Amino acid sequence: MGKATVLVTGGAGYVGSHAALALQEAGYPLVLLDNLTRGNHNLVRGVIDAPLIVGDIADRALTARLFKEYPIETVLHFAAFAYVGESVEDPGRYYRNNVAGTLALIESMAAAGVRHIVFSSTCATYGMPEVLPITEELPLCPINPYGRSKRMVEQILEDFGAAHGLGYVALRYFNAAGADPEGRLGELHHPETHLIPLVLQTALGQCESVRIFGEDYDTPDGTCIRDYVHVSDLAAAHVAALEYLRAGGASGAFNLGMGHGYSVREVIETCEAVTARPVRVVAAPRRPGDPPRLTADCGKAKRVLGWTPQFVELDTVVRHAWRFLAARQG
Ligand code: UDP
């Protein structure tokens, strides 16, 4: 089968850029679409050899033009806001961008006959699961507007699949972390809220200390446990999902995680070991809406997509993140 062009929305963002690189290496022609409110042109410049269209997924005239201009068969859809706290404070922004923006994109796809979409979903769609590790069969009970916006899009995809034959894969990421192992891409969020980059920035002296949000959880060391999946493994899963859809695979949702978790304290200790620098920590209250533990059962992605994570040690994830960050300090 020839390699048709892939449209990557949010292609200048963290996960989108890594997926674009994986697609490029697999030989797919690409077009990136990013409005650069959260994406960063400097991240992909010189790394991804594809046009970067600066525009919005909600701009139906723009996406219609792209679908006409390029032989696009598949959309990899990353463009979204992804801060839980912000979504609680400004839900309209999340429903407008993540839900209404995606609806405009999907309608434009349907009108142009674009058949496949791989959608960035999240473990936040599960809410506070009572059973671990999390399988795709567990009920979706998101507890914040961010998670609800992603679940709504999954429902829209299901309905468009039934009505218009749109094929979709929703990839429910656990905690995306790390950076391209060769240091070409990495994580550049503004503002940064994620644990690993914050700890590494503290090691670099850019932040004074790291707050530990809750030390009284029912976990071995009292801090929250998360499943930190390497961003390059996420990228590889997108290539696998795209090829699965193109081969006629049935639509569905898949968890993507490392398959085991690490506590906040373990993350901090690993960062101290990797950087060989001490990191000052301070105790802070629990962050509202944080479940004590989230770990993925990735059996379905392994069985159906043939995806296996390559980086299953926190140490490796942190080393790659550190390499990217430290190199940027000059
Ligand atoms: N966390 C923390 N201090 C921080 C940032 C995060 O203790 O400055 C904790 C947070 O409560 C969660 C874990 O680290 O248990 C991962 O949080 P992150 O924001 O990186 O990802 P999330 O789990 O919210 O997607």
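Summary of values
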{"read-out": "Heavy-atom accessible area order for D227, D59, largest first, 1.4 Å probe", "value": "D59, D227"}
{"read-out": "Accessible heavy-atom area order of Y173, Y244, highest first, probe of 1.4 Å", "value": "Y244, Y173"}
{"read-out": "Rel. contact order, % - alpha carbon contacts under 8 angstrom, at least six apart, segment 91-208", "value": "28 percent"}
{"read-out": "Amide proton proximity set for L33, modelled H, under 5 Å, gap of 5+", "value": "V8, T9, G10, G11, I53"}
{"read-out": "Amide proton proximity set for I57, modelled H, under 5 Å, gap of 5+", "value": "none"}
{"read-out": "Solvent-accessible area per residue, Å², over segment 94-143 with all protein chains present [probe radius 1.4 Å]", "value": "40 Å²"}
{"read-out": "Sequence of D218, D290 from largest to smallest accessible area, 1.4 Å probe", "value": "D218, D290"}
{"read-out": "Histogram of C-alpha separations across segment 271-330, 10 Å bin width, %", "value": "15, 28, 36, 19, 2"}
{"read-out": "10 Å-binned pair-distance histogram of segment 184-330 (Cα, whole percent)", "value": "11, 35, 33, 16, 4, 0"}
{"read-out": "Contact order relative to length of the chain, as percent, for alpha carbon pairs under 8 angstrom and 6 or more apart", "value": "19 percent"}
{"read-out": "Segment 281-312: trypsin sites (Lys or Arg not before Pro) falling in loop per DSSP and having at most 16 other Cβ within 10 Å", "value": "R286"}
{"read-out": "The chain: Lys pairs at Cα distance under 27 angstrom, eight or more positions apart or on different chains", "value": "5"}
{"read-out": "A170 long-range amide H proximity, modeled H, under 5 Å", "value": "F119, G252, A253, F254"}
{"read-out": "Degrees between helix 314-327 axis and first principal axis of the chain (Cα, 0 to 90, nearest 10)", "value": "80 degrees"}
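The values are calculated or read from the model by the stated rules, or taken from the named source; none is laboratory data. The structure displayed is predicted, hence computed values, not measured ones. No Cβ is skipped: glycine too gets one built from the backbone with ideal geometry, and neighbour counts run over all protein chains shown. The protein model used for the area step is the full one, side chains on, heavy atoms only, and it has no ligands, DNA or RNA in it. Shrake-Rupley method; radii C 1.70, N 1.55, O 1.52, S 1.80 Å.
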